[in-house]
Amino acid sequence: MEIFATALPALGEALVLIFQPQQIMYLVLGVLLGLSVGVFPGLGGIAGLSLVLPFIFGMDPVSGLALMVGLIAVVPTSDTFASVLLGIPGSTASQATVLDGFPLSKKGEAARALSAAFISSLFGGLLGAIVLTFFLLIARPLILAFGLPEMLMITVLGLSMVAILAGRIPLKGVAAAGLGLLFGTIGESDASGSLRMASYDIPYLVDGLKLVIVGLGIFAVPEIVALLRQDRAISKSGGLGSGWLKGIADWFANLWLSIRSAIIGVIVGVIPGLGGSVVDWITYGFTVQSAKDKSQFGKGDIRGVIGPESSNNAKEGGGLVPTLIFGIPGSGSMAVFLGGIALLGYDPGPHMVRHNLDITYTIVWSLALANVIGAGLCILLSGQIARLTTIRFTLVAPFLFTIIAFAAFQSSQTLADLAALLAIGVIGIMLRRFEWSRPAFLIGFVLSSQAESFANQAVQIATVRFKRDFWNGMEYIGSPIVIAILLLTILSVYIGIKQGKQILGNSTPPVGDKRAPFLFLLAVTGYTAVAIWDSAQISVLRDKIFPITVGLVTLVSCGVLIMRMMTAPASDPVFADLEAGDEDGAAPHGLWGTLAWFGFLLGLASLVGFIIALTIFFIAFLRMRAGVSWMQTGILTTAAVGLMCFLGGVLGRDFPPGLLQEYVDLPWPLT
Amino acid sequence: MTIKNTTRRVALGAVAAAATVALTATTAISGGHGGVDMSGKTIEFVIPFSESGGSARWANFYAPLLSEALPGNPTVVVRYRPGAGSTAGANWFQEQDVNDGTLIFGTSGSTQFPYLLGDPRVRYEYDDWQVVLASGVGGVSYLPPDMAAKMDGLDATGLQGDDFIWGSQGATRLDLVANLAWKMLGMTVDPVFGIEGRGDGRLMFERGEANIDYQTSPAYLRSVVPLVEQGLAVPMMTWGSLDDAGNIVRDPTFPDIPTFKEVCEATPACETSGDAWEAWKAFFIAGFPAQKMVFLPNGADADVVATFSKAFQDVHARDDFAELSAKTLGIYPQMTEDAAQKAKDLATGVPDSAKAFVVNWLQEDYGVSLN
């Protein structure tokens, strides 16, 4: 009751502070900026905040907060467009949305999927704001109860979702997740800085692979290439089936699922150090596990959209709790947000929550209002934007290549980003072709570094505790929270193994020649073996124990798969090869020829710089591949180059220079 | 590669020299404030870190003020070039030949340390760069109350029997100053490596997983002082501050907390002379009193350098500067010209013996090899 006595008056004061014409105007401005930035994959809260940060200094605090919160709150809303319409994970928050959202688009139900996603986002965002309101005053002891062993267990719970997403052959899922985990260890280790599968001669690898690039490479590149080979619209029927009202009805029919997912989102968001990247996978896994009829998941089940989307906006509200209470950012965008608050003259932390509760609560109101305005706008737009799926894809693809190349280039601003994207893209294409679970790979990659850090750190602390005395150690690693999450994990794996196969249905996969799937398996096995050997050379134990352990598990899985391939007939599902199937095999264009177009863009960029390469690529592609008129080619090329220059100019980014720029000084944007 | 770049640098040097003559002439004619007019230009303030770190906060604090103070009020934009713990951005800056003042570069302790330690990733050379600003930061080490009670006044001998745990960002990062200080006091401190920022270390302390920690001053003021007030933490010592003559004195932000030097003098196991002390002092100076510096490239002409030095002085002379900076940077010397140069020399020129000591110690205690 005491909480209500403190919270309610401050909440009222905050409401008065925020409901002023000027403040609301800044909030709407923030929302519009957030929506515009969030629509582009790879750009998110950080890029958006960097845009407004220079203007924050000297603003009145409530307006400044409204502007920033409005921007942050809607990024996980607008990134849904790319996930659902194009199969490109807009940001880490919408990776799981791709799994069912994109198949829905292919079925011609893009508007339905979008509106269901947005209404779920709206609901999750509001729930997050409500939790933030009251949790803010009591969360401190709860958050402090989550030590390293507890966080490690939550990470393991996230990894256990691999069980349900593993696909037809569970071992392939395990190997894919292991490969993802190994890819996550590439570069300088977090603990002591030893190099894994990297060399100082290739500085790019020292820093490790970036999530943006891996996400785009694993999901976006294979889908774009596959669609481009078909030369038709994303929607198979070429039209839009059900409209956006259907999506809202779907959400209402699954209200309970939405509530549960939002609660999971808030809880995972509240725990500092976990980051938001697991939350959509955990909710997707739970959505599937708890559903009665699982046959449509992965093929376009609306529940697969509602679950993750309800959680990812709720996570933002949850994530503000540790950010405001401890002044510790839970994500990159939260860190920039903290800097922004400091520019306004406030220091987030216990002090601010205690003494500036009214200002703190304007953040809560901004969050709630931004969700309503942002999601509301998106719902109204979804019917129109969904028409994108009815355009001939060959005209959309060059824009997508451009956008994902630009997004990838944001991570280190070197050409190596583009090379990495292409290389990961090829791996993604192979994983897709031979039916290795791509979600499993990505979950492994996303969780790799935190699984390793938490495990290492927890072991280090536990060792010292056990040295003191045995029970001191047991008390540390065997807390009630750890045991509870452990039971959840066991349950999750059990359900996953029992029912996971149903996600991809029981239909027999297309199989062709034995040779291609076998060669790919050998390549994965080879990489794993080399990674283990490489890690074994490291002198520091805590830098090598994780990659070696993960590598050995992967190697054993690969070994068993090799044996199965050696003994099984060519019709066995282990030899799944989409190239032998109807859709890919019969496509009018070849796989490598299509990928070569993307390679052409990147190769040309390394020679003459991105903007010139883009111009040449557009003209060549539209004339030769799409076969459109010079007139249309001119309009589309101008639009693409103009869009890139606008984005680069507004965000203050340079474009990848090529060999030409080494010798000739060119004016921006050609630099 | 090297040869090509050198040639390029020489060629551009010639161009720059010609430009200098032209610029000097222009300045002489305009004859005004003795500064290079920057109106209409965009100055890129590049930092080799991501948008989320302390350096970003520092650069964004200075950018608008610098814009106001430079002649012609150019736009100052902060650009981020993160990678490989800041060495990637520094290696990039080493290759730049922008000498008209439209490119400045901000480094931090994490850039200095790998340079000092001869890290194989370092391809940059501080001697090539011209410093125009050096910003100081302090650090405070603190303990849980039960551990603090074991200290006898300034004498830390009572802490030698305990097992300490703390969250550290890495053996070769800024944290080595703390690790070495505690080791010199004879304490057994196990660093838990691999946390992502000092805030995470404080959280481990608050959760009771760690029982010693340190924070840089702004973070200490903001987050640890409330813990001290609630009786959950007790300050142990500061790393101190550097006076104009290069001596370690009490931190002006925390005049009541003793420095490590004082604690070391009072603790029999610790000595304020010899290899360990010299090494600690060298790395403390690289890490704290000159933690963040702003550089112009090698070829920037003297007039441009003077313009920036003057602009930073003007920023520091603002009536509201003390108030503004106290919130973001803490109360620390913001050095320009000779003071900045002195700080840079101290920060980037470690005696070989000190370096060898640290390299050897990192190898022995943490198994970190820098070869």
| message | Under 6 Å between Cβ atoms, which residue pairs at least 6 apart in sequence (or on different chains) link something in the range B:203-232 that is more than 11 Å from chain A (Cβ to nearest Cβ) and in contact (Cβ under 8 Å) with a residue 24 or more places away in the chain with a partner that is polar (S, T, N, Q) and not in a loop (DSSP other than H, G, I, E, B)? | response | B:214/B:141
| said: For the range A:324-362, give me the residue count where each residue is of a type in the set (A, V, I, L, M) and within 22 Å of residue A:79 (Cα to Cα). | reply: 3
| request: Out of A:184, A:158, A:180, report the one residue that is closer than 19 Å to residue A:281 by Cα, out of contact with any Ser or Thr (no Cβ under 8 Å at 6 or more places or on another chain) and surrounded by 24 or more Cβ atoms within 10 Å (Cβ to Cβ). | output: A:158
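Within the range B:300-314, is there a residue that is at positive phi and not in a loop (DSSP other than H, G, I, E, B)? Full working, then the answer.
Of the residues in the range B:300-314, the ones at positive phi are none.
No, the range B:300-314 contains no residue that is at positive phi and not in a loop (DSSP other than H, G, I, E, B).
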| task | Would you point out the residue of the range B:318-351, among those that are part of a loop (DSSP other than H, G, I, E, B) and among the aliphatic types (A, V, I, L, M), that is farthest from the other protein chains (Cβ to nearest Cβ)? | result | B:350
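Where in the range B:44-153 are there strands (runs of 3 or more DSSP E), lying wholly inside it, with at least 3 residues that are within 13 Å of chain A (Cβ to nearest Cβ)? Let's see the steps before the verdict.
Numbers: elements: B:75-80, B:103-107, B:130-135, B:139-143.
Answer list for the range B:44-153: B:75-80.
Working carefully through the options B:145, B:74, find the one that is closer than 29 Å to residue B:211 by Cα and not basic (Lys, Arg). Working first, answer last.
On the way: B:74 fails: closer than 29 Å to residue B:211 by Cα.
One residue alone meets the criteria, B:145.
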| Every residue from the range A:393-433 that is farther than 15 Å from residue A:213 by Cβ and of a type outside the set (A, V, I, L, M) | A:393, A:394, A:398, A:399, A:402, A:432, A:433
| query | Quick one: residue A:70 ticks every box in (1) closer than 30 Å to residue A:285 by Cα; (2) surrounded by fewer than 24 Cβ atoms within 10 Å (Cβ to Cβ) bar one, so which box is it? | reply | (2)
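Conditions (1) within 14 Å of another protein chain (Cβ to nearest Cβ); (2) touching a Gly at 6+ places or on another chain (Cβ under 6 Å), marked per residue:
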site: A:174; (1), (2): no, no
site: A:180; (1), (2): no, yes
site: A:188; (1), (2): yes, no
site: A:194; (1), (2): yes, no
site: A:204; (1), (2): yes, no
site: A:209; (1), (2): yes, no
site: A:212; (1), (2): yes, yes
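Which of the residues belonging to the range A:41-77 are part of a loop (DSSP other than H, G, I, E, B) and either within 13 Å of chain B (Cβ to nearest Cβ) or in contact with a Leu (Cβ under 6 Å, 6 or more places away or on another chain) (or both)? Before you say what the answer is, go through the steps one by one.
We begin by selecting, within the range A:41-77, every residue part of a loop (DSSP other than H, G, I, E, B); these are A:41-44, A:57-60.
Answer for the range A:41-77, where residues must be part of a loop (DSSP other than H, G, I, E, B) and either within 13 Å of chain B (Cβ to nearest Cβ) or in contact with a Leu (Cβ under 6 Å, 6 or more places away or on another chain) (or both): A:43, A:44, A:57, A:58, A:59.
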| task | Only residues that are in a helix (DSSP H, G or I) and surrounded by fewer than 18 Cβ atoms within 10 Å (Cβ to Cβ): list them for the range A:231-252, please. | result | A:245, A:246, A:248, A:249, A:252
| query | So, of the residues in the range A:335-369 that are of a type in the set (Gly, Ala, Ser) and over 20 Å from residue B:57 (Cβ atoms), which turns out to be surrounded by the most Cβ atoms within 10 Å (Cβ to Cβ)? | reply | A:366
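Just give me the residues in the range A:459-472 being among the aliphatic types (A, V, I, L, M), facing chain B (nearest Cβ under 9 Å) and touching a residue at least 12 places away in the same chain (Cβ under 8 Å), in sequence order.
Of the residues in the range A:459-472, the ones among the aliphatic types (A, V, I, L, M) are A:459, A:461-462, A:464.
Of the ones still in play, those that are also facing chain B (nearest Cβ under 9 Å) are A:461, A:464.
Answer for the range A:459-472, where residues must be among the aliphatic types (A, V, I, L, M), facing chain B (nearest Cβ under 9 Å) and touching a residue at least 12 places away in the same chain (Cβ under 8 Å): just A:461.
Starting from residues that are in a helix (DSSP H, G or I) and hydrophobic (A, V, I, L, M, F, W, C), keep the ones in the range A:337-356 and report whichever is nearest to residue A:45 (Cα to Cα).
Let us first name the residues in the range A:337-356 that are in a helix (DSSP H, G or I), namely A:337-343, A:350-355.
If we keep only those that are hydrophobic (A, V, I, L, M, F, W, C) too, we end up with A:337-338, A:341-343, A:352-353.
Numbers: A:337: 9, A:338: 13, A:341: 15, A:342: 17, A:343: 17, A:352: 23, A:353: 23 Å.
Looking at residues that are in a helix (DSSP H, G or I) and hydrophobic (A, V, I, L, M, F, W, C), I get A:337.
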| query | Would it be correct to say that residue B:245 is modelled with pLDDT under 90 and within 14 Å of chain A (Cβ to nearest Cβ)? | reply | no
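Is one or more of the residues making up the range B:308-324 more than 26 Å from residue B:36 (Cα to Cα) and of a type outside the set (Asp, Glu)?
We begin by selecting, within the range B:308-324, every residue more than 26 Å from residue B:36 (Cα to Cα); these are B:322-324.
Next, from what is left, pick out any that are of a type outside the set (Asp, Glu): B:322, B:324.
Looking through the range B:308-324, at least one residue is more than 26 Å from residue B:36 (Cα to Cα) and of a type outside the set (Asp, Glu).
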| query | For the subset of the range B:235-247 comprising residues that are buried (at least 20 other Cβ atoms within 10 Å of the Cβ) and within 21 Å of the chain's Cα centre (by Cα), which member is farthest from residue B:140 (Cα to Cα)? | reply | B:242
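With A:9, A:41 as the choices, which residue is at pLDDT below 90 and within 25 Å of residue B:49 (Cα to Cα)?
It is A:41.
Criterion first (part of a loop (DSSP other than H, G, I, E, B), farther than 30 Å from residue B:339 by Cβ and of a type outside the set (S, T, N, Q)) does residue B:167 satisfy it?
Working: part of a loop (DSSP other than H, G, I, E, B): no; farther than 30 Å from residue B:339 by Cβ: yes; of a type outside the set (S, T, N, Q): yes.
So residue B:167 does not fit the description; no.
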| Tabulated pairs, the range A:485-497, first under 18 Å from residue A:440 (Cα atoms), second aromatic (Phe, Trp, Tyr), C-beta under 9 angstrom, 6+ apart or interchain | A:492/A:286
| request: Check A:335, A:342, A:314 and return the single one that is at pLDDT 85 or above and either closer than 28 Å to residue A:114 by Cβ or within 9 Å of chain B (Cβ to nearest Cβ) (or both). | output: A:314
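Would you mention how many residues in the range A:198-250 are touching a strand residue (DSSP E or B) at 6+ places or on another chain (Cβ under 8 Å) and of a type in the set (A, V, I, L, M)? Break it down stepwise before answering.
Going through the range A:198-250, the residues touching a strand residue (DSSP E or B) at 6+ places or on another chain (Cβ under 8 Å) turn out to be A:198, A:205-209, A:231-233.
Subsequent filtering for residues that are of a type in the set (A, V, I, L, M) retains A:198, A:205-206, A:209, A:233.
Result for the range A:198-250: 5.
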| field | Options A:45, A:64, A:38; residue that is in contact with a Phe, Trp or Tyr (Cβ under 9 Å, 6 or more places away or on another chain), surrounded by 24 or more Cβ atoms within 10 Å (Cβ to Cβ) and either more than 26 Å from residue A:382 (Cβ to Cβ) or free of Cβ contacts under 8 Å to residues at least 24 places away in the same chain (or both) | value | A:64
| query | Can you name the residue in the range A:382-396 that is more than 23 Å from the chain's Cα centre (by Cα) and part of a helix (DSSP H, G or I) and is also surrounded by the fewest Cβ atoms within 10 Å (Cβ to Cβ) among such residues? | reply | A:384
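How many residues are assigned to a helix (DSSP H, G or I) and over 23 Å from residue A:75 (Cβ atoms) if we restrict to the range A:15-40? It would help to see each step written out before you state the result.
Let us first name the residues in the range A:15-40 that are assigned to a helix (DSSP H, G or I), namely A:15-18, A:21-38.
Now drop any that are not over 23 Å from residue A:75 (Cβ atoms), which leaves A:15-17, A:21-22.
The total comes to 5.
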| query | For residue A:198, which of the numbered conditions (1) surrounded by fewer than 23 Cβ atoms within 10 Å (Cβ to Cβ); (2) part of a helix (DSSP H, G or I); (3) of a type in the set (A, V, I, L, M, F, W, C) fails to hold? | reply | (2)
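What residue, of A:454, A:434, is on the phi < 0 side of the Ramachandran plot and within 14 Å of chain B (Cβ to nearest Cβ)?
Values: A:434 fails: within 14 Å of chain B (Cβ to nearest Cβ).
Exactly one residue qualifies, and that residue is A:454.
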| said: Looking at the range A:634-657 only, could you name the residues that are polar (S, T, N, Q) and either surrounded by fewer than 18 Cβ atoms within 10 Å (Cβ to Cβ) or not in a helix (DSSP H, G or I) (or both)? | reply: A:638
| request: Considering (1) surrounded by fewer than 22 Cβ atoms within 10 Å (Cβ to Cβ); (2) at pLDDT 85 or above; (3) not in a loop (DSSP other than H, G, I, E, B), say which one residue A:258 fails and leave the rest. | output: (1)
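The values are calculated or read from the model by the stated rules, or taken from the named source; none is laboratory data. This one's a predicted model, so the numbers in the text were calculated from it and none came from an experiment. All Cβ positions, even for glycine, are placed from backbone atoms using ideal geometry, and neighbour counts span all protein chains on display.
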